[in-house]
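Participant: The structure is given below, and queries will be raised subsequently.
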Amino acid sequence: MSEKSLAAGTPVAHRLAAYREARTEVERAVLPLASSVDGLTFSMQASLYDLEFARGGYVVLEGEGVARLGQVTDLSISSRGTATAGVDSADFEGMVRLASGAGRVLDSDGRPFHDALARPAAPAEVASWMDRTRPPRAGLTIGTLVHAAGVPATLDAGGLSRHTFMCGQSGSGKTYSLGLLLERVLAETTLRVVILDPNSDYVHLGGARAGVDPAEGASYAAAVEGRVAVWTNDPTSAHPLRMRFADLPPALQAAALGLDPVRDRDEYAVLRDLLHAQVNGAPLVADVDQFLSSEIPYARDLGRRAQNLGVLDWSIWDASGPSLLAELRDPTARC
């Protein structure tokens, strides 16, 4: 405070009110400015009063005749002296509170800048940037942008050719978001989809949900009709989770029977021979329990080994029904 504001004999309440009034006036005067030393990221400040910026929001950074679009990645409260806050006040000398943030320059030209005036970007400006930078591939529209009303949120379908990691705490919307993405993939692409779904979250992907827009529901139903097969543990299901022992790769067959190719070389060799032998184009042995009825001594030894290990009791085996592994190799359904 200046000597004028703190004149001797001024009541404490009056002095405190004057201090608050001066600080409020100064804090309101903080300019929304952004600077960048690399042209790729920026730091910014803004007044806490009538704050128009938000974490994740889009901003336009105007300076030196150039307007750049950016996105705020962090925003917090900080305190600075009036000089470092960019405020020249002869009536106030102290710390002022302001919003401090950081972000990415989305349409960078690589040049640094200092004290560019920051303002919230209009939805049309965000849409224009997205149109300019969208890759020449199909996009999957999954909604609208939170910080740009009415602008479609579109994912680059080319990203599905790489690994994608979706994370978030419980209740954050991971299951819903992934379900929406899967729906868009099925409705708007011809990609094949395999879903491992231990919680049965997506077992109804094969149909439109009741209550949706009739036109959208009909369009989705037409895209997925007859193309989604749900394999479950229910033995009465049209697609029970079953397979034939012969469908397993040799290494897994041996592992299931506890065989080592060196230590158990005779049994290992018999296993390979039996599972590769054909009779009228069909495997001589399709399932593990058939070893017990074989006329080949070592084959019966394999059957007893499987019996002792409990492999025969695994509910996954089915010599006559559809095989999950066969379906994965030669699919009859798209999803």
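The values are calculated or read from the model by the stated rules, or taken from the named source; none is laboratory data. Given the structure is predicted, the values throughout are model-derived calculations rather than measurements. Cβ: placed from backbone, ideal geometry, glycine included. Neighbour counts: every protein chain shown. SASA here: full protein model, heavy atoms, side chains in, ligands and nucleic acids out. Shrake-Rupley method; radii C 1.70, N 1.55, O 1.52, S 1.80 Å.
Participant: Helix-only mean residue ellipticity at 222 nm, the chain, DSSP H runs n ≥ 4 weighted -39,500 (n - 2.57), per residue, nearest 500. What is it?
Facilitator: The per-residue figure over the chain is -8500 deg cm²/dmol.
Participant: Taking θ = phi - 60°, what integer Hz values does the Karplus form 6.51 cos²θ - 1.76 cosθ + 1.60 yield along the stretch 163-179, in sequence order, with x for Gly and Pro?
Facilitator: Karplus values, whole Hz, x for Gly and Pro: 6, 10, 10, 10, 9, x, 6, 4, x, 7, x, 4, 4, 5, 4, 5, x.
Participant: Would you pull out the residues with amide H under 5 Å of residue 106's amide H, same chain only if 5 or more places away, H placed 1.01 Å from N?
Facilitator: 69, 70, 71
Participant: Turning to a different aspect of this structure: Could you compute Rg(Cα) / (2.2 N^0.38 Å) for the stretch 113-183, with N its residue count?
Facilitator: Against the compact-globule rule of thumb, the ratio is 1.37.
Participant: Here's a follow-up. Rounded to the nearest 0.05, what FRET efficiency is calculated for residue 296 and residue 325 with R0 set to 25 Å and r the Cβ-Cβ distance?
Facilitator: 0.50
Participant: Residue 147's amide H: which non-local residues (gap 5+, or another chain) put their own amide H closer than 5 Å, with H modeled 1.01 Å from N in plane and none for Pro or chain starts?
Facilitator: Distant-sequence amide H within range of residue 147: zero hits.
Participant: Compare the Cα positions of 208, 316, 16 along the charge dipole of the chain (+1 at Cβ of Lys, Arg; -1 at Cβ of Asp, Glu; about the Cα centre) and return the one farthest towards the positive end.
Facilitator: Of the listed residues, the answer is 16.
Participant: On to the next question. Quick check: the angle from helix 12-28's long axis to the longest principal axis of the chain, C-alpha only, nearest 10 degrees?
Facilitator: Helix 12-28 sits roughly 60 degrees off the main axis of the chain.
Participant: How big is the antiparallel share of DSSP beta bridges in the chain, given as a percent to the nearest 5?
Facilitator: Expressed as a percentage, antiparallel bridges in the chain total about 95.
Participant: Could you grab the Rg to Rh ratio for the stretch 175-274? Cα atoms only, Kirkwood for Rh.
Facilitator: 1.20
Participant: Same structure again: More than 24 Å apart: what percent of Cα pairs in the stretch 129-226 qualify?
Facilitator: Taking all Cα-Cα pairs of the stretch 129-226, the fraction more than 24 Å apart is 28 percent.
Participant: If you don't mind, another one. Once the piece of chain linking residue 170 and residue 223 is laid out straight, how much longer is it, given 0.36 nm per residue of separation minus the C-alpha distance between them?
Facilitator: Contour length minus the Cα-Cα distance gives 15.9 nm.
Participant: Follow-up. Specify which residue in the list 152, 191, 288 is farthest towards the positive end of the charge dipole of the chain, using unit charges on the beta carbon of Lys, Arg (+1) and Asp, Glu (-1), about the Cα centre.
Facilitator: 152
Participant: To continue, here is another question. Round to a whole number: what % of the accessible area of the chain belongs to carbon and sulfur, probe 1.4 Å?
Facilitator: 54
Participant: Next up: Give me the Kirkwood hydrodynamic radius of the chain, using the inverse of the mean 1/r over all pairs of distinct Cα atoms, in Å to one decimal.
Facilitator: Hydrodynamic radius (Kirkwood, Cα only) of the chain equals 26.8 Å.
Participant: When the dipole is taken about the Cα centre of the chain, and only Lys, Arg (+1) and Asp, Glu (-1) are charged at their Cβ, what size is it in debye, to the nearest 20?
Facilitator: Result for the chain is approximately 240 debye, rounded to the nearest 20.
Participant: Among 277, 138, 208, which one moves the most in a GNM of the chain with springs linking Cα atoms closer than 10 Å?
Facilitator: 277
Participant: Not counting the cut sites, what is the longest span of the chain without trypsin sites (Lys or Arg not before Pro) that DSSP labels loop and that have at most 10 other Cβ atoms within 10 Å?
Facilitator: 5-136
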